[in-house]
Amino acid sequence: MGASASSPLRAIIDLRALRANFETFRRAAPQSRILAVVKANAYGHGVLPVVRALGAADGFAVARLEEAIELREAGVAQRIVLLEGVFSGAQLRLARAHQLDLVLHDTSQLDMLEADPAGRDELWVKIDTGMSRLGFRPEQLASVQARLRALPQAPSRIRLMSHFARADDDAAMTAEQAQRFAAARRQWVDASGETPEASLANSAGALLWPQATLDWIRPGIGLYGATPSASRAATEFGLTPVMSLHSAVIAIRSVATGESVGYGASWRATRPSRIAIVAAGYADGVPRHLPSGAPVLIEGRRAPLAGRVSMDMIAVDVTELPQATVGSPVVLWGPGLPVDEVAAAAGTIAYELLCGVGRRAVFEYVD
């Protein structure tokens with residue numbers, strides 16, 4: 001995966017940190033099984049190395065059928081949950097052939113099961129408790145359950161799930177969602193008279209709402225060492241960053257007072273300045289809207305971005321770093337510069353940065 005060795009851009013993936021983060025979730029919810037969320041190429045980290053490093057996971061969750069098939073064809077034997085379910089009869093047959101768990105969240109998917117009831121599917125019925133994205137409303141559940149019970153071949157197992165909208169920053173809404181889910185779960189009694197297994201907690205839910213961990217937790221962003229909280233750093237949860245993004249200085253420019261740097265001439269030197277040009281741009285995952293002044297590490301010291309992010313390059317004011325020269329190492333995020341800090345400076349979240357690292361980066365795995 002990634003570019004040729006000629007690229008100075010390196011994404012270093014620390015699989016030891018990944019496993020340590022996994023154990024943090026294990027300690028946070030010792031009674032729960034862990035469904036590791038590895039959608040979107042494991043949040044940009046490389047799905048196959050991540051899944052192989054997480055052999056202790058009880059299962060994996062992806063969004064799309066192609067992601068699940070890739071894992072099966074790579075020999076992954078654990079449970080794989082298809083979070084968006086399937087969208088056609090052909091996809092249903094493929095999912096059954098690869099022994100995937102299906103999330104059922106829409107009546108159109110019930111129609112597919114009724115039209116092709118041949119499989120003894122493992123299903124997760126998603127309940128909309130306030131996210132208003134995917135899932136059945138609680139008042140629909142009686143009808144959903146009746147239709148599933150009427151299938152000629154009953155599903156082999158049905159579990160329930162929902163998703164928190166604001167587990168990181170809204171206690172009232174989160175408590176309300178948890179209460180709605182608990183009530184829906186009590187309403188759904190399976191054929192043996194038992195309450196079904198359930199999953200509610202994402203990363204924020206698992207770390208901030210221990211009462212909501214239930215039978216399964218679904219950590220995503222926290223596994224990769226970014227914070228699941230709007231107000232607390234990842235280190236406060238004992239999480240360690242898994243990805244660090246590195247590049248190098250490829251040129252040093254001398255800029256006179258009043259001269260501009262970059263597209264739009266949005267940055268002008270207020271003094272004679274030294275500008276380092278770094279081989280990384282928005283095609284590589286550096287947010288285009290990262291503002292001037294945002295930090296970059298060069299030779300282990302912070303220096304401010306100067307001007308707009310280009311497709312392939314950024315400019316950094318190294319006037320205060322005389323040691324910076326062509327070839328100097330650069331950290332765009334990583335040790336000393338958390339990805340959450342860079343994301344906040346860009347007005348976004350770490351998810352976007354991690355998932356956006358481009359194909360030109362060379363991925364190196366440390367284990």
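Based on DSSP H segments of at least four residues, each scored -39500 (n - 2.57), the chain has a per-residue ellipticity at 222 nm of -7500 deg cm²/dmol. Dividing the radius of gyration of the alpha carbons in segment 81-234 by their Kirkwood radius gives 0.99 for Rg/Rh.
For trypsin sites (Lys or Arg not before Pro), the sites in segment 274-367 that DSSP calls loop and that have at most 14 other Cβ atoms within 10 Å are 288, 359. A simple rule links phi to the HN-Hα coupling: the Karplus curve 6.51 cos²θ - 1.76 cosθ + 1.60 with θ = phi - 60°, which for segment 355-365 gives 6, x, 4, x, 5, 6, 6, 8, 8, 10, 10 Hz, with x for Gly and Pro.
Report the gain in length on full extension from residue 359 to residue 132: 0.36 nm times residue separation, minus Cα-Cα distance, nm rounded to one decimal. Could the numbers behind the result be given before it?
Details: separation 227, 0.36 × 227 = 81.72 nm, distance 3.37 nm.
Here the answer is 78.4 nm.
Couplings 3J(HN,Hα) for segment 234-247, derived from phi with the Karplus relation 6.51 cos²θ - 1.76 cosθ + 1.60 (θ = phi - 60°), are 4, 5, 5, 9, x, 9, 10, x, 9, 9, 10, 10, 10, 8 Hz, where x marks Gly and Pro.
Which whole-number percent is the relative contact order of the chain (Cα, under 8 Å, 6+ apart)? Present the calculation step by step, with values, prior to reporting the outcome.
Numbers: 807 pairs, mean separation 73.2, N = 367.
With pairs under 8 Å counted, the relative contact order is 20 percent.
Computed 3J(HN,Hα) for segment 279-290, one whole-Hz value per residue from the Karplus formula 6.51 cos²θ - 1.76 cosθ + 1.60 where θ = phi - 60°, is 7, 5, x, 5, 6, 9, x, 6, x, 4, 8, 5, glycine and proline marked x. Candidates 181, 256, 220 compared by Cα position along the dipole of segment 161-271: farthest toward the positive end lies 256, with charges placed on Cβ.
Remark on residue 98: its backbone amide H falls under 5 Å from none of the residues 5 or more positions apart or on other chains, H modelled at 1.01 Å from N. By the Cα gyration tensor, segment 152-248 has an equivalent ellipsoid whose semi-axes, rounded to whole angstrom, run 32, 17, 9 from largest to smallest. The label-point distance for residue 154 and residue 211, in a model that sets each label 7 Å from Cα toward Cβ, rounds to 3.3 nm.
May I ask you to order 167-175, 84-92, 43-51 by the average number of other C-beta atoms within 10 Å around their residues, highest value first? Provide the component values of the computation, followed by the final result.
Values: 167-175: 15.8, 84-92: 17.3, 43-51: 21.6.
Going from most to least packed, we get 43-51, 84-92, 167-175.
Spin-label model, residue 143/residue 186: points 7 Å from Cα along the beta carbon direction are separated by 2.4 nm. Between residue 362 and 3, 9, 10, 11, the built amide H atoms are under 5 Å apart, and every one of these is 5 or more places off in sequence or on another chain. Between residue 115 and residue 23, what is the label-point separation in nm under the 7 Å Cα-to-beta-carbon projection? So the label points at residue 23 and residue 115 sit 4.9 nm apart. Among (i) 23.6, 79; (ii) 20.8, 64; (iii) 22.0, 71, find the value of Rg and Dmax of the Cα atoms in Å that was calculated from the structure presented, and write down its label. So the calculated entry is the one marked (i).
A short reminder: the numbers here are calculations on the coordinates, not readings from a lab. In this text, all values refer to a predicted model and were calculated from it rather than measured experimentally. Ideal geometry is used to build each Cβ from the backbone, glycine not excepted, and the neighbour counts take in all protein chains shown.
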